[in-house]
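The values are calculated or read from the model by the stated rules, or taken from the named source; none is laboratory data. A quick note: this is a predicted structure, and the numbers were derived from the prediction, not measured. Counting neighbours? That spans all protein chains shown, and the Cβs are built from the backbone with ideal geometry, glycine included. Each accessible area value is taken on the protein alone, full model and side chains, heavy atoms only, with ligands, DNA and RNA left out. Shrake-Rupley method; radii C 1.70, N 1.55, O 1.52, S 1.80 Å.
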Amino acid sequence: MKVIEAILDVFRNPQFYSITLTSSTPLIFASLGGVFSEVTGVVNIALEGIMLIGAFVSTAFAYYTGSPWIGVLMAIVAGIGVAWLHAWASIKWWGDQIVSGTAIILIAQGITGFLMKPVFGQVGQTDLEKFKMIKHITKEINPIVRPIKLPFPENSFLGQAFGNISPLVILAFVSVFIGWFIIYKTTLGLRMRSVGENPEAADTLGVNVYKIRYFGVLMSGVFASIGGAFLSVGDTGIFKELMTGGRGFIALAAMILGNWNPVGAMLASILFGSSEAFANQLQSSKLIEVSSSVKPLFNMVPFIVTLIVIGGFIGKTRPPAADGIPYKKSE
Amino acid sequence: MYEEYAVVMKGIVKRFPGVLANDHVDLFVRKGEIHAVVGENGAGKSTLMNQLYGLLRPDEGEIYVFGKKVEMKGPKDAIKNGIGMVHQHFMLVGNLTVAENVVLGSETTKGRVVFDLREAKKRVKELSERYGLHVDVDAKIEDIPVGMQQRVEIIKTLYRGAEILIFDEPTAVLTPQETEELFEVMRRLKAAGKTMIFISHKLNEVMEISDNITVMRLGKVTAKLITKETNPREIARAMVGRDVVLRVEKPPHEPKDVVFEVENLWVKDNRGLDAVRGVSLKVRAGEIVGIAGVAGNGQSELVEAITGLRKIEKGTIKLLGQDITGLDPRSLRNMGMTHIPEDRLKYGMVLQYPAYYNMILGKHWWEPYSIRGFLNHPAIFEDSRRLFEEFDVRPRNINMLGGNFSGGNQQKIVVAREVSSNPKFIVVAQPTRGLDVGAIEFIHKTILRLREQDVAILLVSMELEEVFSLSDRILVMYEGEIMGEVRPEETNFEEVGLMMAGKRLEEVRA
Amino acid sequence: MEKYWGFIIPAVSVLVALVIAAFVIMSVGKNPVEAYAIMVKGAFGSSAAIVNTIVKTTPLILTGLAVGFGFRAGVFNIGAEGQMIMGALTATAVGINLGWAPPYFALSLTIIAGMLAGAGWAAIAGYLKAKTGAHEVVTTIMLNWIATYLSSYMVQVPLAVGSGTPKSPEIAPSAKLPVLMKVGPMEMSAGIIISVTAAIVMYVLLEKTTTGYEVKAAGFNPYAAEYGGISISKNVTMSMAISGALAGLAGVVELMGVHHRFLGTLSGGKGFDGISIALIGQNHPIGIIFAALLMGALRTGSNEMQFAGISKHIVMIIQGIVIFLVAADRIVRTMILWRKRKKVKV
């Protein structure tokens, strides 16, 4: 029963909780982005691509300017740009939103791969050695990863789990609160929800459906790109081709599971993040010997968890009624 | 100019691809009157009103509101000019509350950005009390009954300071009693100095509530009448262009054995609430059983359960003595049940398929259409051509895509298909919704012909006249239950209307 | 005019994509005309190049058919990649154990095993959609990743052979597809015949059979289909399975005709290429053959371009733009009509 002991051990290890936070953060950002877009009625599977662009652009600007914050800022700008493309196709041209999202993922993967050589001088992934500088920046000078110290005793369980937190992690939770406030407490949010549910009704009251939808999609670009930037400059300090590895889609699943509500999506993101952290911790457990060749099996865990959760829970949450349907205003 | 008028529309022309929807239409509405605009489906009434409300832009013509020439770029301009519209299909957001729906687009705020829900509720309550429009401000739209939804629509326009209210077919979804209540509200609004435009095709209602009438036909104004000086026959003639037979001839016919039987049927709706609650009924060969009721009282769910499209929670259904409870549509069709669905665009047709494929939907696996898994195209073409002739579908082009036919011809295709497979039992739901008089007559005759051929027929319709003129027996449905059974020759609209509003037959006749 | 849109939209989309990609190439200081010339030469410049292009086209026809069939049935099978992996992996497990069997038996058994695996893998997503409404885009993506990691484990542990790159042993000679033509080191297997046959079968299935009638009806209007006695849940699961079988066949053909062993890079994005191929081919089997040829040529040619210093990622960019324009086809329609109108005015 070594396995059970190893599993229990994972939960006793403070590291599991701190990794859960880091694994959840990109998902929280991206799923929040998904909520913003879909609440207004535009399905956005392009999250994966927007995250990738965010990761790439932030690394590039952090590298050339030395400031990861400028990197994050430029990632947001790029994220808005990519999201605009999706908004333009789906809102103005009534395009098929899922197909357009797929196209944008491909373009993002193509562009980032294509620009590896010209921007970083190498392909595949940015070299850690050559990128000592950025590594250096991220780990020590970099205000993003210079962790915020929370007042837990250093050696206590809580101190090890949550004592050092990246400001971006905090920003994720703050964003969720802001997102919830915008959607449920402001006039803008009321209009967003009306446009996603019954755009025609909103239109007859003089609400500009197209404008509100553009806002929702562009905001999804903002959040998803920060999520992507967290993966590179916020966490690992490198950019790798295809480094988002399906997280955009897991974020979509989190959004669905969270019933298109920012807080729900956050909780679901933490669930998926913890499954990733769990697999990660279990395979490095000292109690059971795991050969490196078995690692792929552990990597499957978050995807299997997502699949089961999606299969088991989906009919029980309700998407906005006009989600994915272009609003065709007659002239 | 036009100071004495609230609304003047002059020389309005609106073209859609292939249709001249409004052909130099003039409309003059005096201040403080209730002005009826009547016409058949497709006469151009809604198009005209949508231009007044800024949802559509006229190709030609001018609009004056309270004597001032205006140009409506969108609903916002209409609202600014004091125009409000109560839409036929309510423009309400289902997952928002009553108060949120009323203020949407002109919200009450705290500090410009934050939505002030408390203030919104207060304002809605004030309006509701002032005009006697009872609503529950905190309820979600999807949870309240149709009548209340309509009151929300009216409050919406008043909240925006409307002086001119457009009612687009407001009584279509109401019981006769609810209609009376609506008219009360309209009279109160008139007393408060509001001007109203009342769109309808129900002549008795127009006679009761309006001051003046504009009649439209095929996009043109055919008559301007003063209500006090006219009569329904005159209006009808202007509407249809000829004297109409308002009722079809129904020859006597003796029903035979019971073909179809439902016992204590329970069905849930999409939200998981009981929509059909213990319905029992029988239909005999050569008999038309009509189900009357206001839309949304479980008729759709009943039809879907009978035809295998919705899960049955409890109860049994029998066809020709066999238990068919829970069978899928394919098996039911194989046993001789067919179905003319209420929503032909959603259920009745595959719009992207050519007409000849639509002609075999639901029997495409039968010989001669399918032989050993392969489609037999020559047979499909031949039968389609024959049915096009027999049912006078126009144009006579079986290759045309389903979506390119007009509504009436689409319905003819559906009817032809369902009638031609020699059913033992047919469910006919809302067979004439949105059709013109000619098509209605044709379809009514077809249904009566089936009765002659001893088919058992279950007719579901929201049009009380239709139910009365076709049925041998009438069942009235209210909130998923049968309120009672009556024969058309032994009852009247008032009695059935009371049952539609939830009174049982015993109570009505007590 | 309406009749020709099916051809015009993809053609114009490809042209526009090539033009935009030319600007991307220019942005890194290369000459796009030269680059495209290298690409064309790389794809069709010699008999070896042509054979190479056909070899690359072979699995792409199948993944294109897989995705295209899904679209016709109203499902978006973005998981052809994973189904292709599962098909090839299963075919490997069967194929390496068939040394004793005569070719006709070994060939058919391996092919069937691979197709069934692809079908089963896709049917999971179809079943979930039918039962719970889980969107197939999310579930098939999850299944893609699971397939990737599973295959990576399989060739590292149970099926591993040799050292270096993880790989499986070779399949039995009797389970290899016969070689039709050999130019230098390039071998063209009978896989192309399988692919084209599959396209014809799909055409007949969709246009001539009752099943095809039902699949398309369900794709166009599920409500009407259900009303017309077509079970939607059955149809969704079956359509996904057929789509997955085609993707699995792509993996099988790649395994039995090209690599003869399972490698991690065997699928290499061909499943995703299927999406652009299906959209360019407008989900029509014959259109898909030509779209696959176009994509195969781009792939072959881009290898040459890579030597000239232009990343082959440019192909992904081109694909992305094409898909984008086909998704929002009104952009292209407007572009063309606008030009026409302008001409009329002049």
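At a glance:
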{"item": "Selected residue (only one of C:151, C:108, C:174, C:195 is more than 14 Å from chain A (Cβ to nearest Cβ) and surrounded by 24 or more Cβ atoms within 10 Å (Cβ to Cβ))", "result": "C:195"}
{"item": "Count - residues of segment C:200-214 that are more than 8 Å from every other protein chain (Cβ to nearest Cβ) and either within 20 Å of the chain's Cα centre (by Cα) or of a type in the set (Phe, Trp, Tyr) (or both)", "result": "7"}
{"item": "Search result, residues across segment B:406-435 that are of a type outside the set (A, V, I, L, M, F, W, C), out of contact with any Gly (no Cβ under 6 Å at 6 or more places or on another chain) and over 20 Å from residue B:291 (Cα atoms)", "result": "B:406, B:408, B:409, B:410, B:411, B:412, B:417, B:420, B:421, B:422"}
{"item": "Unmet requirement for residue A:242, which otherwise passes all of (1) assigned to a helix (DSSP H, G or I); (2) surrounded by fewer than 20 Cβ atoms within 10 Å (Cβ to Cβ); (3) within 16 Å of the chain's Cα centre (by Cα)", "result": "(1)"}
{"item": "Residue selected from segment B:344-359 under the condition within 8 Å of another protein chain (Cβ to nearest Cβ) and part of a loop (DSSP other than H, G, I, E, B), by the criterion most open to solvent (accessible area, probe 1.4 Å)", "result": "B:352"}
{"item": "Residue match in segment A:302-309 (condition: open to solvent by less than 20 Å² (accessible area, probe 1.4 Å), among the polar types (S, T, N, Q) and without any contact (Cβ under 8 Å) to a residue 60 or more places away in the chain)", "result": "yes"}
{"item": "Residues located in segment B:184-208, provided they are within 26 Å of residue B:236 (Cβ to Cβ) and open to solvent by 10 Å² or more (accessible area, probe 1.4 Å)", "result": "B:187, B:190, B:201, B:202, B:203, B:204, B:205, B:207, B:208"}
{"item": "Within segment A:310-330, tally of residues that are in a helix (DSSP H, G or I) and either touching a helix residue (DSSP H, G or I) at 6+ places or on another chain (Cβ under 6 Å) or among the hydroxyl-bearing types (Ser, Thr, Tyr) (or both)", "result": "5"}
{"item": "Test result for residue A:100, within 8 Å of chain C (Cβ to nearest Cβ), crowded, with 21+ Cβ neighbours inside 10 Å, at negative phi and not in a loop (DSSP other than H, G, I, E, B)", "result": "yes"}
{"item": "Members of segment B:313-342 found to be at the interface with chain C (Cβ under 8 Å from one of its Cβ atoms), touching a residue at least 60 places away in the same chain (Cβ under 8 Å) and either in contact with a Gly (Cβ under 6 Å, 6 or more places away or on another chain) or not in a strand (DSSP E or B) (or both), listed by number", "result": "B:333, B:341"}
{"item": "Flag if residue A:271 is open to solvent by 10 Å² or more (accessible area, probe 1.4 Å) and within 19 Å of residue A:306 (Cβ to Cβ)", "result": "yes"}
{"item": "Residue satisfying condition, being part of a helix (DSSP H, G or I), surrounded by fewer than 24 Cβ atoms within 10 Å (Cβ to Cβ) and at the interface with another protein chain (Cβ under 8 Å from one of its Cβ atoms), within set C:317, C:289, C:323, C:275", "result": "C:317"}
{"item": "Segment B:86-102, residues that are at the interface with another protein chain (Cβ under 9 Å from one of its Cβ atoms) and open to solvent by 10 Å² or more (accessible area, probe 1.4 Å)", "result": "B:87, B:89, B:90, B:91, B:92, B:94, B:95, B:100"}
{"item": "Filtered residues of segment B:380-402 (kept if outside any loop (DSSP other than H, G, I, E, B), of a type outside the set (A, V, I, L, M) and open to solvent by 40 Å² or more (accessible area, probe 1.4 Å))", "result": "B:381, B:382, B:385, B:386, B:389, B:390"}
{"item": "Contacts under 8 angstrom Cβ, first residue in segment B:367-379 being within 9 Å of residue C:210 (Cβ to Cβ), partner at pLDDT 95 or above and in a strand (DSSP E or B), 6 or more apart", "result": "B:369/B:375; B:373/C:209; B:374/C:209; B:375/C:209"}
{"item": "Positions within segment B:50-92 being within 30 Å of the chain's Cα centre (by Cα), over 17 Å from residue B:21 (Cα atoms) and free of Cβ contacts under 8 Å to residues at least 12 places away in the same chain, in sequence order", "result": "B:89"}
{"item": "Residues within segment B:380-418 that are closer than 18 Å to residue C:217 by Cβ and of a type in the set (Ser, Thr, Tyr), tallied", "result": "1"}
{"item": "Within segment C:117-132, tally of residues that are under 20 Å from the mean Cα position of the chain (by Cα) and surrounded by fewer than 20 Cβ atoms within 10 Å (Cβ to Cβ)", "result": "1"}
{"item": "Top-ranked residue in segment C:133-148 [being open to solvent by 50 Å² or more (accessible area, probe 1.4 Å) and assigned to a helix (DSSP H, G or I); ranked as farthest from the other protein chains (Cβ to nearest Cβ)]", "result": "C:148"}
{"item": "Pair list, Cβ < 6 Å and 6+ apart or interchain, from segment C:282-309 residues that are free of Cβ contacts under 8 Å to residues at least 40 places away in the same chain to residues that are of a type in the set (Lys, Arg) and surrounded by fewer than 22 Cβ atoms within 10 Å (Cβ to Cβ)", "result": "C:306/C:312"}
{"item": "Qualifying residues in segment B:185-230 (those that are of a type in the set (Asp, Glu) and touching a residue at least 12 places away in the same chain (Cβ under 8 Å)) - the one nearest to residue B:150 (Cα to Cα)", "result": "B:205"}
{"item": "3 or more residues touching a residue at least 40 places away in the same chain (Cβ under 8 Å) and crowded, with 24+ Cβ neighbours inside 10 Å: qualifying helices (runs of 4 or more DSSP H) within segment A:1-67", "result": "A:14-39, A:47-65"}
{"item": "Failed condition for residue A:88, given (1) within 7 Å of chain C (Cβ to nearest Cβ); (2) surrounded by fewer than 20 Cβ atoms within 10 Å (Cβ to Cβ); (3) not aliphatic (A, V, I, L, M)", "result": "(1)"}
{"item": "Qualifying residue in segment C:187-210 (condition: within 30 Å of residue B:358 (Cα to Cα) and outside any helix (DSSP H, G or I))", "result": "yes"}
{"item": "Failed item in (1) in contact (Cβ under 8 Å) with a residue 12 or more places away in the chain; (2) under 30 Å from residue B:319 (Cβ atoms), with residue B:252 passing the rest", "result": "(1)"}
{"item": "Count of segment C:215-239 residues which are outside any helix (DSSP H, G or I) and at the interface with another protein chain (Cβ under 7 Å from one of its Cβ atoms)", "result": "4"}
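Here is a yes/no grid of residues against (1) farther than 21 Å from residue C:155 by Cβ; (2) at the interface with chain C (Cβ under 10 Å from one of its Cβ atoms):
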{"residue": "A:250", "(1), (2)": "yes, yes"}
{"residue": "A:256", "(1), (2)": "yes, yes"}
{"residue": "A:261", "(1), (2)": "yes, no"}
{"residue": "A:276", "(1), (2)": "yes, no"}
{"residue": "A:286", "(1), (2)": "yes, no"}
{"residue": "A:303", "(1), (2)": "no, yes"}
